[in-house]
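Chemist: Below you'll find the structure I mean.
The values are calculated or read from the model by the stated rules, or taken from the named source; none is laboratory data. For clarity, every value in this text was computed on a predicted model and none was experimentally measured. In this analysis, Cβ positions are derived from the backbone assuming ideal geometry, glycine residues included, and neighbour counts consider all displayed protein chains. Ligands, DNA and RNA are stripped out before the accessible areas are found, and what is left, the full protein with its side chains, is counted by its heavy atoms. Shrake-Rupley method; radii C 1.70, N 1.55, O 1.52, S 1.80 Å.
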Amino acid sequence: MKMVAHRYTVVIGLGGMLVALATLITAEAAPIAYNVQANPNYGFGPRVRVQPNDVVSGDRIVGRDPDPFIRGEILRHYNNGW
């Protein structure tokens, strides 16, 4: 009987650890970057959460567009200094 109780304790402990780990993984914060569009002359602005359609170079949001091709063009032009 003692062995069965110990086994259940281990299983419950492992289950609790898995739930805690899953919570940590899913609660991971979204990346934050400087919104360069707010202050383009100085290359920085307020720190905001990165959205799926944002164009990010380093830690700066340099543009936003729903079309992946256009996002690539924005990034290419930004990195070339156009």
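Chemist: Check which residues have an amide H placed less than 5 Å from GLY45's amide H, if you skip close sequence neighbours.
Modeler: ASN35
Chemist: Once amide H atoms are placed 1.01 Å from N in the peptide plane, what residues at a sequence separation of 5 or more from ASN53, or on another chain, have their amide H within under 5 Å of its amide H?
Modeler: Close amide H contacts, sequence-distant or interchain: none at all.
Chemist: Give me the net charge for the shell around ASN35: Cβ to Cβ below 14 angstrom, other residues only, Lys and Arg +1, Asp and Glu -1.
Modeler: +2
Chemist: A further question on this structure: Would you mind counting up the charge near HIS77? Only other residues with Cβ under 15 Å from its Cβ, with Lys and Arg at +1 and Asp and Glu at -1.
Modeler: Once all neighbours under 15 Å are counted, the net charge is +1.
Chemist: What are the ³J(HN,Hα) values, in whole Hz, obtained from phi via the Karplus relation 6.51 cos²θ - 1.76 cosθ + 1.60 with θ = phi - 60°, for each residue of the stretch 47-57 in sequence order, with x given for Gly and Pro?
Modeler: Coupling constants for the stretch 47-57: 7, 9, 6, 6, 9, x, 8, 6, 9, 10, 10 Hz.
Chemist: Give the residues of the stretch 57-82 whose amide nitrogen is closer than 16 Å to a point set 7 Å from the Cα of ASN39 in the direction of its Cβ.
Modeler: From the stretch 57-82, the list is 59-62.
Chemist: Additional query: How large, in percent, is the carbon and sulfur part of the accessible surface of the stretch 29-82 at a probe radius of 1.4 Å?
Modeler: Summing carbon and sulfur atoms, their accessible area is 54 percent of the total for the stretch 29-82.
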